[in-house]
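Quick note: the coordinates plus some simple rules give every number you see, no bench work behind them. On a predicted model such as this, the values are computed, not experimentally measured, just so you know. In this analysis, Cβ positions are derived from the backbone assuming ideal geometry, glycine residues included, and neighbour counts consider all displayed protein chains.
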Amino acid sequence: MVTVNKKKLARAAFGIYILGVLCMTFVVRETMVLRMPDNRGVILEPFREVEAMLRQPDHLFWFMQIFLNVLLFIPFGSLLPLVSDKFRNPFGTVFCGFLFSFGIESMQYITGRGLTELDDMINNTFGAIIGYILFAGTSFLLKRQSSH
């Protein structure tokens with residue numbers, strides 16, 4: 001019988017997740033237009049996508065922009081605490097989620113791939129928060145169930 005170390009499994013899942021995110025944000029993109037140094041796409045207006053979703057007729061497009069960015073980082077917030085006990089607090093996990101998102105947006109700017117947006121960092125960080133809440137809730141329920 002093969003026993004699987006839970007931490008090793010969590011680390012493998014987290015590594016695959018990180019590679020998947022990097023692949024989605026740099027390799028497999030609709031906006032693979034390579035921007036030139038004098039024509040990089042940067043939008044630093046916070047909550048621009050929420051405002052656009054509320055004001056423009058194509059609500060679904062903007063909703064999906066926001067939703068998919070949030071969804072992309074939910075695994076970050078739920079897997080990182082499983083990888084290391086250092087991240088069993090919400091602030092460390094959410095801060096790392098913010099840093100990872102900032103790194104992605106910075107690299108998109110540097111490489112000219114995609115569009116660098118403050119909204120993406122906000123939505124990604126919110127996704128990490130949701131992921132951590134799911135981790136904490138699941139951990140609480142499992143501890144409660146095992147004590148009965």
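Near residue 117, the amide H atoms lying under 5 Å from its own belong to 43; only residues 5 or more places off or on other chains count, and H is placed 1.01 Å from N. How much net charge surrounds residue 124 when only other residues with a Cβ under 12 Å from its Cβ are counted (Lys, Arg +1; Asp, Glu -1)? Every neighbour counted, the sum reads -4. Of the trypsin sites (Lys or Arg not before Pro) found in the range 40-148, those in coil by DSSP whose Cβ has at most 16 other Cβ atoms within 10 Å are 40, 88. Here the 3J(HN,Hα) profile of the range 76-91, calculated from phi with Karplus coefficients 6.51, -1.76 and 1.60 at θ = phi - 60°, is 4, x, 8, 8, 4, x, 7, 6, 8, 5, 4, 9, 7, 10, x, 5 Hz, Gly and Pro shown as x. In sequence order, the range 103-114 has phi-based couplings of x, 4, 4, 5, 5, 5, 5, 5, 7, x, 9, x Hz under the Karplus curve 6.51 cos²θ - 1.76 cosθ + 1.60, θ = phi - 60°, and Gly or Pro positions carry x.
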